[in-house]
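J.: Would you mind keeping the following structure in view while I ask a few things?
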Amino acid sequence: MHDAVYQIQLNLPREAMAEERAAATEEYALGAESPLPPDPDAVEAHFIDPVSLIVTVTAAMLAWRIVNHFLVRDGRGVLIDAREKPPIVSRLEDVPAGFVVFIKSDGSSETIAAGKSDDTELVGLINLVLNGGGPAK
């Protein structure tokens with residue numbers, strides 16, 4: 001079965017860019033980075049230099065990056081917000097460590113403990129949520 005390919009907006013700290021560039025593959029293609037304004041409500045805003053980039057990614061690769069890199073190495077949670085176009089995947093939001101919060105295009109949400117979920121479940125949820133944001137052409 002062919003894995004769907006999506007375009008997402010990845011928001012992350014600038015210091016994580018070297019690792020992301022090193023991880024780039026055909027299934028995880030990174031666009032140019034652009035600065036994001038710091039969140040004035042974030043407690044750590046003055047310590048983080050936030051950037052954003054468009055990533056073309058398969059659901060399986062995104063699930064792998066979330067579980068093996070974003071959650072483990074960052075020690076933070078991840079937000080996937082399909083209300084935006086392209087959908088936003090953020091490593092900057094205040095999501096508890098080990099969790100992925102999904103906001104569907106209709107505004108409803110679901111939270112899972114990614115380290116305790118089956119990989120197939122995570123890939124399925126990513127496909128479900130990002131299909132609301134539309135697969136890349």
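J.: Counting only protein heavy atoms and using a 1.4 Å probe, what share of the accessible area of the chain belongs to carbon plus sulfur, as a whole percent? Display every interim value, and only then the final one.
T.: On the way: 4000 of 7280 Å².
Whole-percent figure for carbon plus sulfur exposure: 55.
J.: Work out the FRET efficiency for residue 19 and residue 108 from their Cβ-Cβ distance, taking R0 = 22 Å, and round it to the nearest 0.05. Mind showing how you got there, number by number?
T.: Details: r = 32 Å, r/R0 = 1.46.
Taking R0 as 22 Å, the efficiency between residue 19 and residue 108 is 0.10.
J.: Once you mark the GluC sites (Glu not before Pro) that are in a DSSP loop and have at most 11 other Cβ atoms within 10 Å, what is the longest gap between them in the chain?
T.: 45-137
J.: What list of ³J(HN,Hα) couplings, whole Hz, do you get for the range 81-91 from phi and the Karplus terms 6.51, -1.76, 1.60, once you set θ to phi - 60° and write x for glycine and proline?
T.: Residue by residue, the range 81-91 yields 10, 8, 6, 8, 10, x, x, 9, 10, 10, 9 Hz.
J.: Specify whether the C-alpha gyration tensor of the range 1-125 places it in the rounded, prolate or oblate class, a ≥ b ≥ c being the square roots of the eigenvalues: rounded for a/c under 1.5, otherwise prolate if a/b is larger than b/c and oblate if not.
T.: Since a/c stays below 1.5, the shape of the range 1-125 is classed as rounded.
The values are calculated or read from the model by the stated rules, or taken from the named source; none is laboratory data. For clarity, every value in this text was computed on a predicted model and none was experimentally measured. Note that we place each Cβ from the backbone using ideal geometry, even for glycine, and neighbour counts take in every protein chain shown. Surface areas here come from the heavy atoms of the whole protein model, side chains and all, with no ligands, DNA or RNA. Shrake-Rupley method; radii C 1.70, N 1.55, O 1.52, S 1.80 Å.
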